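Each remark here refers to the structure printed beneath this line.
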Amino acid sequence: MSTPAAPRSLAEALRDRDDASLAELLRARPDLITPVPTDLTQLATRAGTRASVVRALERLDRFALQTAEALAVAADPAGYEELLGLMSGDGGDPAVAAALPRALGTLREQALVWGGDDRLRLVRTARELLAPSPQHPSPTGLGPTVQEATAGMSPGRIQEIVTAVGLPSTHDSVSAVASLTALYGDRARMAALLAEASPESREVLDRLVWGPPYGQVTADPAPRLRWLLDRGLLLPTAPGTVVLPREVALHLRGGRAHRATEPLPPALEATATHRPQVVDATAAGQAYTALATVEELLKDWDEGGPTVLRAGGLSVRDLKRTAVALDVSEPVAAFWVELAYTAGLLASDGEADERYAATPAYDEWLELPAAERWAQLAQAWLTATRTAGVVGGRDAKERALSALGPGLDRSAAPEVRHRVLSLLAGLPEGASPSAESVLARLRWERPLRGPQQNDDLRGRLAGWTLSEAETLGVTGRGALSAHGRALLGAPAPAPAPVPKDAEPAQQGPGDKLPVHHMPVTLEPLSATEQATASAAAGRLLAPLLPEPLDHVLLQADLTAVAPGPLKRPLADMLDVLADVESKGGATVYRFTPGSVRRALDAGRAATDLHAFLTAHSRTPVPQPLTYLIDDVARKHGHLRVGAASAYVRCDDDALLNEIMADKRAAALRLRRLASTVLATQADPATLLDGLRAMGFAPAAESAEGDVLITRADAHRTPPRTAPAPVPDGPPTPDITLLAAAIRAIRAGDLASTTPRKQTPSASPGGDLPRTNSAETLATMQAAVLTGEALWIGYVNAEGAASQRVIAPIRVEGGFVTAYDHTADEVRTYPLHRVTGVAELAED
């Protein structure tokens, strides 16, 4: 039985793969099918482009990346044993040996490495990115080989080095360099050579061995350097610069390419383990607070929020005011504002004096059950690319980043959030890991390379995720809640053992518990799966949230106590009739003349207010509150204010005399027009406020003399859609797209690689010939009779040209019906759009 020939190129290696393997490649590197390649050769070419290779390298874990780095400094091609030696060193490492096949499989799967174990080849672009050079030092810290470092050296100087190390002279530089390379790669002979070095010379080598391998020398080197230069242990690369050859460094390192390899991900360290019921209850409390905070934010902006900056976003002053109103810090206020915006509950109104306000979707959101409202917020947060954590920072042009402004999208945010929560989902129930171990795990999964090393964005995103998840109620006490786990679509793990003689909540933050569970890897959910997961999370959260109440407790000190959350009609009415004095487990409302007048201005009569309080109070309505309502109602509307610029009219001229005699009215500059009318140049709103400050209860009226009812009507924006996340590169293709793409690539590859019969009109290069309509028709009809497949050129209605392999079934009426291998289905093509046809050669 003959052994299959080894692939000679990446395209041939891809051609040997089955459809499942190609699907894994395209899923891991979705940029390769944007657009779909015409054949496997084009796929291999695209897989070797710099942008695609950089993207693939950035998505490798630390050990897979270290494996690629080792291949970049190994021979091309390299054997598996050579790679294993570079990864584990001369002494070997069982953990490295066990993990290397997985890392090598990852590199092969992503088409970064191809070839058998005896001839491993790193894609050329990846080798160029990872191989050492003076401009771009290798991540391994290794320098160039002896052959590369001596490329510009004179033959005489090379012979001098050969003689100095005790090798026989050669007739040419190539053999001399080869003998030097063999010497430096021989462990025994190198040990004998280095035994002659002085301690000072060895110290120089020790400083360069782990990189960077380059050093500076003067025109007259010191004896310790001269000894190394004479024997080629240091080689000049430029005037005043020397380098430690790769072979010498590998000997000094014991054959290892890296100072420390990391074949296994760092384990997560749990700082505490809580009972799952405690975690869920704590998270539910935070979820309820989250809903109340978002409602309070948008209620505060109900009649029109802060103005929109010219460049977009909130001003620093408005963010501070919002933080004070919500009683939180400014970063937390920015998080709530951005969350409402991301969920589509908040937007700019688009008016000339543009302001932020709630959207119509906010009113629909308010009508949902509390658990569903939370699930909608949590899902929006999980998939959003807008990142509140960068508010207050600077962009690339040193412009300040403001809340709700541009420049806050970070495309990696959803993936990091999902991964952090997936790590928590892989722990036992109730286990809360330390932030440091989570960050260490993420850095192993996506190590920083190049410019990213100066900006650990993923690390900052992970830190923000942990704090935001706790604030939002996805986690409780640092552990993932049951409804948070459902939000990810994660299965419930086995409960962790909790000591019976100790309360887990009493464990200090410094107590680290061993966690032996391997965190799971959860794939991001599709839109349909997200809806299902959100519904499941809402069902788990609903029993943990307090039931809304339909009553309050009225007290004699003109306050009302709400012992829990109130039903919406009751809460809305109390917000108008009273002022919130304090919040917490119970909300305290205070009734004042101003709050009662506000309810009367909204069109409520005194009898309505009495009936409302009687119906919703579990305690008798206190007499002071009854008197307050009646007293304010008796005065309310006695004075009427309209536009003159503004005027005051009243049937009681004695009351107008009282106003004119009051010194506090001097600022209003009132003058009497008639016995029952006063006028002023102030606007009606200023006049209303001034009279109310003097203790009166005026009512505004329209031009027709009707009382204006100032309801707390909310200002709403026109219908707005939530901001779309900014994708982090091409989306991962679904199964249907992958299957169609692979069929198209296979068919195109069949068309480009299948031998074709030569015809008189065929070009010397074997390209598809152009045939006239008669030749095309005759060839098609013959193929119908013989059942042979044909190779055709086709131009569609948009003018796009393609090549296809078809098996004609029927030719009639100027059309050919054939089985198209590209689409894997029967199709009909107009014959006049076929530019050329050729028969496929027999095998």
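The values are calculated or read from the model by the stated rules, or taken from the named source; none is laboratory data. All figures in this text were calculated on a predicted structure; none of them were measured in a lab. All Cβ positions, glycine included, derive from the backbone under ideal geometry; neighbour counts span all protein chains shown.
Computed quantities for the displayed model
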{"read-out": "Tally, over the stretch 299-336, of residues that are touching a helix residue (DSSP H, G or I) at 6+ places or on another chain (Cβ under 6 Å), aromatic (F, W, Y) and over 21 Å from G389 (Cβ atoms)", "value": "0"}
{"read-out": "Check on A380, within 15 Å of W336 (Cα to Cα), in contact with a Gly (Cβ under 9 Å, 6 or more places away or on another chain) and at pLDDT 90 or above", "value": "yes"}
{"read-out": "Check on A23, in contact (Cβ under 8 Å) with a residue 12 or more places away in the chain, under 22 Å from D734 (Cα atoms) and surrounded by fewer than 19 Cβ atoms within 10 Å (Cβ to Cβ)", "value": "yes"}
{"read-out": "Meets criteria (of a type in the set (G, A, S), modelled with pLDDT of 90 or more, touching a strand residue (DSSP E or B) at 6+ places or on another chain (Cβ under 8 Å) and surrounded by fewer than 22 Cβ atoms within 10 Å (Cβ to Cβ)) for G85", "value": "no"}
{"read-out": "So A490, is it at pLDDT 75 or above and either crowded, with 17+ Cβ neighbours inside 10 Å or assigned by TED's automatic domain parsing to the domain that holds G426 (or both)", "value": "no"}
{"read-out": "Scan of the stretch 307-317 for residues that are out of contact with any Gly (no Cβ under 8 Å at 6 or more places or on another chain) and modelled with pLDDT of 90 or more, ordered by number", "value": "T307, V308, S315, V316, R317"}
{"read-out": "Residue match in the stretch 363-377 (condition: in contact with an Asp or Glu (Cβ under 8 Å, 6 or more places away or on another chain) and closer than 30 Å to K320 by Cβ)", "value": "yes"}
{"read-out": "Single unsatisfied condition, P132 versus (1) assigned to a loop (DSSP other than H, G, I, E, B); (2) without any contact (Cβ under 8 Å) to a residue 60 or more places away in the chain", "value": "(2)"}
{"read-out": "Single match in T181, T150, T145 (criterion: within 19 Å of P213 (Cβ to Cβ), surrounded by fewer than 18 Cβ atoms within 10 Å (Cβ to Cβ) and touching a residue at least 24 places away in the same chain (Cβ under 8 Å))", "value": "T181"}
{"read-out": "Residue ID - nearest to E415 (Cα to Cα), chosen from residues in the stretch 721-736 that are among the polar types (S, T, N, Q) and touching a residue at least 40 places away in the same chain (Cβ under 8 Å)", "value": "T732"}
{"read-out": "Hits in the stretch 447-470 - residues which are at pLDDT below 90 and more than 13 Å from the chain's Cα centre (by Cα)", "value": "P447, L448, R449, G450, P451, Q452, Q453, N454, D455, D456"}
{"read-out": "Members of the stretch 346-375 that are surrounded by fewer than 17 Cβ atoms within 10 Å (Cβ to Cβ) and within 27 Å of A462 (Cα to Cα)", "value": "none"}
{"read-out": "Selection from the stretch 41-87 of residues that are farther than 25 Å from P144 by Cα and either over 34 Å from the mean Cα position of the chain (by Cα) or β-branched (V, I, T) (or both)", "value": "T41, T45"}
{"read-out": "Residue in the stretch 261-279 that is of a type in the set (A, V, I, L, M, F, W, C), assigned by TED's automatic domain parsing to the domain that holds L424 and closer than 21 Å to P546 by Cα present", "value": "yes"}
{"read-out": "Hits in the stretch 779-820 - residues which are surrounded by 14 or more Cβ atoms within 10 Å (Cβ to Cβ), at pLDDT below 85 and more than 47 Å from the chain's Cα centre (by Cα)", "value": "E788, A789, L790"}
{"read-out": "Those residues of the stretch 164-181 which are under 22 Å from T237 (Cβ atoms) and in a helix (DSSP H, G or I), in sequence order", "value": "A164, S173, V174, A176, V177, A178, S179, L180, T181"}
